[in-house]
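In what follows, a single structure is set out as structure tokens and then discussed.
The values are calculated or read from the model by the stated rules, or taken from the named source; none is laboratory data. Source: prediction; values computed, not measured. Cβ placement follows ideal geometry from the backbone for every residue including glycine, while neighbour counts extend to all protein chains displayed. Note: accessible area is taken over every heavy atom of the protein model, side chains too, but ligands, DNA and RNA are not part of it. Shrake-Rupley method; radii C 1.70, N 1.55, O 1.52, S 1.80 Å.
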Amino acid sequence: MLSVLISSCASDSDTDNDKQKAEYNINFNNTPLLFPDLKATRDGDYFFIGESDDFPPTPRPEQIATDFTLYFHKDGTLFTAGIHDNSSKNGLSSPFYFSKNLFKFNIENIDETNKKIKVNFSGNVYEHYGSQIYQYNKKLDGSISISYSEKGEVNSYKTNGTTMKINGQNWRGLGYEESEGYSKNGRIIKINGDNEYSIAIFFPNSIPKKGKYVFTKNLEMDALYTVNFYKYYPNTIGPDDYSTGPEQFITTGVLEITDLKGSNIIGTFSFTAVNPTTNESIVVTNGVFTERLL
């Protein structure tokens, strides 16, 4: 087990602590890695553990992999586990839509009194492009016990996120606004979790209007004030699982925008989703979201 004393970024914390204690064992393809500036930050119920949150990362060619990152919710939902493979010069990350199957992540303890967190993880990290996951992958595993600092209010996501029930099972996700070109009508918030399901909510380019919107998705799949539902199916070539993208379901339901606060849009939704090819039907209830529009 490696122990290092590291500095936290004072501008990103509202605490007086300028040191963080970390004990860790992180391996990339069975090779131990050193991270002298590993740090942890808490933002409400979200945690970041990483070598650095600066972009672009500082090059370190003497080590086979750098720019290690974990980002997760305190309930155990893993949004990303990532690292930069210096041999291939590619960023590798856990596939958000199969993380529960391909990448095991566990929160062992959160000590809120002493502001310490302990986690362990093991699985494959993959090369990605958009919604596609490629076969190229490496193993990433380890354990970390580290003190965390509290993130300040600037760029905080502590109130953001989406929850819903999918066929009665709890699901959590966190959204981001898709780049231009994905919708001809407006803006899209894509919301991903850590399993095979994903949704997208469509809003106009102008300020969205509060209200209740009943929708049925048929031909116009990017109609405003509607919700798309996606399911990712694994394919197998050789020893590696991969995905070339999700299948889109036809959705019928209700979207309600209840409030607008700054850049956040707040609301609820429920719908039934049907796979037009297989006729698989999924019922989504108790959808609640607070997501950010840029």
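Brief remarks follow.
- You will find that of Gly142, Gly123, the residue that is assigned to a strand (DSSP E or B), open to solvent by less than 40 Å² (accessible area, probe 1.4 Å) and touching a helix residue (DSSP H, G or I) at 6+ places or on another chain (Cβ under 6 Å) is Gly123 and no other.
- Counting only residues that are in contact with a Phe, Trp or Tyr (Cβ under 8 Å, 6 or more places away or on another chain), modelled with pLDDT under 90 and at positive phi, the stretch 158-185 holds 0 of them.
- Of all the numbered requirements in (1) at positive phi; (2) open to solvent by less than 50 Å² (accessible area, probe 1.4 Å), Asn195 misses one, and that requirement is (1).
- Within the stretch 91-120, considering residues that are polar (S, T, N, Q) and at pLDDT 95 or above, the one least open to solvent (accessible area, probe 1.4 Å): Asn120
- Meets criteria (within 30 Å of Asn25 (Cβ to Cβ) and either modelled with pLDDT of 90 or more or among the charged types (D, E, K, R) (or both)) for Lys138: yes
- Count of the stretch 126-139 residues which are part of a loop (DSSP other than H, G, I, E, B) and loosely packed, with under 15 Cβ neighbours inside 10 Å: 1
- Listed conditions (1) over 18 Å from Tyr24 (Cα atoms); (2) modelled with pLDDT under 95; (3) of a type outside the set (Gly, Ala, Ser) are all met by His73, apart from (2).
- Here the condition is being of a type in the set (Val, Ile, Thr), at pLDDT below 65 and farther than 30 Å from Trp171 by Cα; of Thr66, Thr15, it holds for Thr15 alone.
- Filtered by the rule that a residue be among the aliphatic types (A, V, I, L, M) and surrounded by fewer than 16 Cβ atoms within 10 Å (Cβ to Cβ), the stretch 255-273 gives a lone residue, Leu260.
- Scanning the stretch 198-214 for residues that are in a strand (DSSP E or B) and either open to solvent by less than 10 Å² (accessible area, probe 1.4 Å) or without any contact (Cβ under 8 Å) to a residue 24 or more places away in the chain (or both) turns up Ser198, Ile199, Ala200, Ile201, Phe202, Phe203, Pro204.
- So Gly161, is it open to solvent by less than 50 Å² (accessible area, probe 1.4 Å), out of contact with any His (no Cβ under 8 Å at 6 or more places or on another chain) and closer than 20 Å to His73 by Cβ: no
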